[in-house]
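Asker: Sending over a structure as structure tokens; questions will come in a sec.
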Amino acid sequence: MAADRNSQRIVIAGASSLLGGELKTLLEESRFAGWDLRLVDEEDAAGTLTEAGGEAAVIHRVDEDTFHGAKYAFVAGSTAFGNACVGPAREAGATVIDFTRATLSDPDATPWFPKIEVLTGKTVARHAKTFNVFSAGGAAAASLALVLQRFGLQRMVAVMFRPVSESGRAGIEELETQTSQLLSFQGVGSAVFGTQAAFSLLPRFAAESRVDLQREGLEIRAEVSAAIANVNEDAKISLNLVHAPVFYGMTFSACADVGEGADVAKLSGALREAGWNVAADGEQAAGPSNVSVAGESQLFLAEPRADLSRAGAWWFWGAADNLRMPAASGIKLAEWLEG
């Protein structure tokens, strides 16, 4: 079924999620302000009272008519929920803008983050009906790798620090509760992470945790692979995802080996052209942090630093708002599709 080209209806699936709320806020501040926003979510969130367009609104459960007449379907929430929504949205003729990674392995889904066309040299088709919007971590790693391939990238190793908001409100509440309990010398509850997440850097959570860091790390790696496919097959890229005891904001540290001729000015200039906000030396004494990037839609980077022991090796420290950045990216995509 083809959607009405003149339709002004947008469905936000996963509207009660943190990313869903961010999407709703930004849509109301964009060129889509005044469009008909339909808010839907999983069964346990149905009936939640919220606000849309300055008026009271209720989040409904997904049913057979949810996506009927919608021009765009923004799909947030869990991957399982995304899998349940993508098919019906496509059948209804909506353009699917997926944030759940449900379409990550779909050959018909188009990878998306700002500047991907410029960085890959590949044209993004406006007529595509499914787009996979990269997470903040995936966009950062892919964009950095694509910029560095212009400098003869040979290898890049990155460690990404995951905030608990990636686990939704439940993750935020558990970190908040654990912090309070530990400061009061009480035992901690761990329904979400299965272990003490407060005041701890962790490579993985307990076996009974709802969160699989290894799987999420592989998904970020898959985002990077989708972006750099056929661009630089020789570059070796390794990623590791680590739990950080912070509420919001993705940060990362990366070391890359590049060819001769790279210097701070050239690297910084190329990164700025790719949409990064690169601080000049001394401009941000402590570098960008998960706190300093709150509410920002860009990727932020400290000035690149040469490794002191190996020629051609460079260190990068970056940060991004893990909710605002992908939400703004998806809305920028929809605005571009509108022409």
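The values are calculated or read from the model by the stated rules, or taken from the named source; none is laboratory data. What you are looking at is a predicted structure, and each value in this text was computed from that prediction instead of being measured. A quick note on method: Cβ atoms are made from the backbone with ideal geometry, for glycine too, and the neighbour counts reach across all protein chains shown. When the accessible area is computed, the model is the full protein with side chains, heavy atoms only, and any ligands, DNA or RNA have been set aside. Shrake-Rupley method; radii C 1.70, N 1.55, O 1.52, S 1.80 Å.
Asker: Hey, can you rank 19-29, 107-117 by average C-beta count inside 10 Å, highest first? Don't skip to the end; give the middle numbers.
Answerer: Working: 19-29: 20.4, 107-117: 18.1.
The most tightly packed comes first, giving 19-29, 107-117.
Asker: Still on this structure, please answer the following. Antiparallel DSSP bridges in region 1-140: what percent, to the nearest 5?
Answerer: On the way: 4 of 25 bridges.
Roughly 15 percent of the beta bridges in region 1-140 run antiparallel, per DSSP.
Asker: I would also like to ask the following. Given a cut-off of 21 Å, name the pairs among K266/K332; K24/K71; K71/K129; K122/K332; K71/K332 whose C-alpha atoms lie farther apart than that in the structure shown. If you can, show how the numbers build up before the last one.
Answerer: On the way: K266/K332 28 Å; K24/K71 16 Å; K71/K129 10 Å; K122/K332 18 Å; K71/K332 15 Å.
Going by Cα-Cα distance, K266/K332 fall outside the 21 Å limit.
Asker: Here's another thing I want to ask about it. Given 20 °C and 1.002 mPa s, how large is the Stokes-Einstein diffusion coefficient of region 102-194 in µm²/s, with Rh as the Kirkwood radius over Cα pairs? Intermediate results must be reported in sequence, preceding the final value.
Answerer: Details: Rh = 16.6 Å.
Using the Kirkwood radius from Cα pairs, D works out to 129 µm²/s.
Asker: Taking only DSSP H segments of four or more residues, each worth -39500 (n - 2.57), what value at 222 nm results for the chain once the sum is divided by all its residues, to the nearest 500 deg cm²/dmol?
Answerer: Numbers: 8 runs with 99 residues, N = 339.
Result for the chain: -9000 deg cm²/dmol, rounded to the nearest 500.
Asker: Output the antiparallel fraction of DSSP beta bridges having both residues in the chain, as a percent to the nearest 5. Display every interim value, and only then the final one.
Answerer: Details: 24 of 56 bridges.
Percentage antiparallel, nearest 5: 45.
Asker: I would also like to ask the following. P(r) for region 287-339: what percent of alpha-carbon pairs falls in each 10 Å bin, starting at zero?
Answerer: 24, 32, 25, 15, 3
Asker: Once R0 is set to 22 Å, what does the formula 1/(1 + (r/R0)^6) return for the Cβ-Cβ distance between E208 and N83, expressed as a FRET efficiency to the nearest 0.05? Could the numbers behind the result be given before it?
Answerer: Numbers: r = 24 Å, r/R0 = 1.07.
Efficiency at R0 = 22 Å is approximately 0.40.
Asker: Related question: If you add up the charges near G77, with Lys and Arg at +1 and Asp and Glu at -1, over every other residue whose beta carbon is less than 9 angstrom from its beta carbon, what do you get?
Answerer: Summing Lys/Arg as +1 and Asp/Glu as -1 gives -2.
Asker: Same structure again: In whole percent, how big is the carbon plus sulfur part of the accessible area of the chain, probe 1.4 Å, protein atoms only? Numbers along the way, then the final one.
Answerer: Details: 7660 of 15480 Å².
Looking at the chain in its full context, I get 49 percent from C and S.
Asker: Moving on. Can you order the peptides 179-185, 148-154, 205-211 by their average number of other Cβ atoms within 10 Å per residue, highest first?
Answerer: Most protected by this proxy first, the peptides run 148-154, 205-211, 179-185.
Asker: Follow-up. For Cα extents along the principal axes in Å, the choices are (1) 61, 56, 35; (2) 61, 43, 39; (3) 84, 57, 35; which was calculated from the structure?
Answerer: Entry (1).
Asker: Quick one: which residues, 5+ away or cross-chain, put their amide H under 5 Å from the amide H of T95? H built at 1.01 Å from N.
Answerer: Those qualifying (amide H under 5 Å, at least 5 residues apart or on another chain) are Y72, A73.
Asker: Comparing A311, A294, A256, which has the greatest mean-square fluctuation in the GNM of the chain with Cα pairs linked when under 10 Å apart?
Answerer: In this elastic network of the chain, the residue with the biggest mean-square fluctuation among A311, A294, A256 is A311.
Asker: Provide Rg over Rh for region 88-137; use the alpha carbon set for both Rg and the Kirkwood Rh (inverse mean inverse pair distance). Each step should come with its number before you reach the end.
Answerer: Values: Rg = 11.1 Å, Rh = 11.5 Å.
With Rh from the inverse mean 1/r over Cα pairs, Rg/Rh is 0.97.
Asker: How many angstrom lie between the C-alpha centres of region 138-217 and region 293-327?
Answerer: 17
Asker: How big, in percent, is the set of alpha carbon pairs in region 188-332 lying more than 24 Å apart? Could you put the intermediate results ahead of the total?
Answerer: Numbers: 4387 of 10440 pairs.
In whole percent, the share of Cα-Cα pairs in region 188-332 beyond 24 Å is 42.
Asker: Which residue, V246, V293, V157, tops the fluctuation ranking in a GNM of the chain built on C-alpha contacts under 10 Å?
Answerer: Looking only at V246, V293, V157, the biggest GNM fluctuation is shown by V157.
Asker: Anyone know which of V11, V147, V118 comes out most mobile in the 10 Å Cα GNM of the chain?
Answerer: Between V11, V147, V118, it is V118 that shows the largest mean-square fluctuation.
Asker: Report Rg (one decimal) and Dmax (nearest whole number) for region 40-96, counting Cα atoms only, units Å.
Answerer: 11.6, 31
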